[in-house]
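Derivation of every value follows stated rules applied to the coordinates shown; laboratory data play no part. The shown structure was predicted, so the numbers you read here are calculated from the model rather than taken from an experiment. For neighbour counting, all protein chains shown are included, and Cβ atoms are generated from backbone atoms with ideal geometry for every residue, glycine included.
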Amino acid sequence: MNQDLIMQYLLSLAITYMIPASILIVSTWRLSRLRSLTPENYQDKVSEILENNLIEKISERLDTLYPESGLTPPTHSAPFPMVIRRLLNDNPNEDRFRFLTTMYNSLVDFGQQSPDFEQVVHAVLTILSGQG
C-alpha cells in the first residue's frame with residue numbers, strides 16, 4: 001500500500017477537523033505499524049485509528065479533570081471511552097471527527113467549565129444509575 005496516499009488522507013482529515021498535532025503524531029505512528037492496509041480499506045483504518053486516538057486523549061483529559069473537581073473517575077462500570085462512544089452514538093447526525101475534536105479542544109481549553117465536561121459527568125451518572 002502506498003504510504004504517501006495514507007499520509008495524505010490522514011493529513012486531509014487532520015486539516016479539515018483541526019486535529020491536534022499530538023494526536024496526529026500518535027496516529028501516524030500507529031498507522032505505520034499496520035500491515036493490513038489495502039486500497040479498499042485504508043480510509044476506514046485511518047478513520048478508526050484517528051477516532052480511537054481522539055477518544056483515548058479525551059479519556060486522559062477526563063482522568064485529570066475528574067479528581068481536580070473532587071469527583072472519582074468511573075472504573076469498570078462506565079469507563080470514559082465507553083461513555084464517549086455512547087455520546088457519539090447519541091448524536092448520529094453529528095460528524096464524528098468534528099464531535100470528538102470539539103470535545104477534546106473544549107476540555108483542554110475550558111477544563112471543568114467545559115459544557116462537554118458537564119455532558120460527560122451527566123452521561124456517567126446516567127450509566128451508573130442504570131438509566132443509560
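Sorting the segments 119-129, 36-46 by their residues' average number of neighbouring beta-carbon atoms within 10 angstrom, most packed first, yields 119-129, 36-46. A simple spin-label model places pseudo-atoms 7 Å from Cα toward Cβ; at T38 and Q112 they are separated by 5.1 nm. Based solely on its DSSP helices, what 222 nm [θ] is calculated for the chain when runs of n ≥ 4 H residues each add -39,500 (n - 2.57) and the sum is averaged over all residues, nearest 500 deg cm²/dmol? -23000 deg cm²/dmol, from helical runs alone. Using only side-chain charges placed at the Cβ, +1 for Lys and Arg and -1 for Asp and Glu, the dipole size of the chain relative to its Cα centre rounds to 300 debye.
With the simple spin-label model, which puts each label point 7 Å out from Cα in the Cβ direction, the W29 to S77 separation comes to 3.5 nm. Axis angle, to the nearest 10 degrees, between helix 80-89 and the longest C-alpha principal axis of the chain: 80 degrees.
In region 76-132, the convex hull through the Cα atoms has an average projected area of 3.9 nm², a quarter of its surface area. Label separation (S22 vs N105): 1.6 nm, computed from points 7 Å beyond Cα along the C-beta direction. Hydrodynamic analysis of region 8-132 uses the Kirkwood radius over alpha carbon pairs. Inserted into Stokes-Einstein at 25 °C and 0.890 mPa s, it gives a translational diffusion coefficient of 160 µm²/s.
Extension gain, N2 to E48: 0.36 nm times the residue separation minus the Cα-Cα distance gives 14.7 nm.
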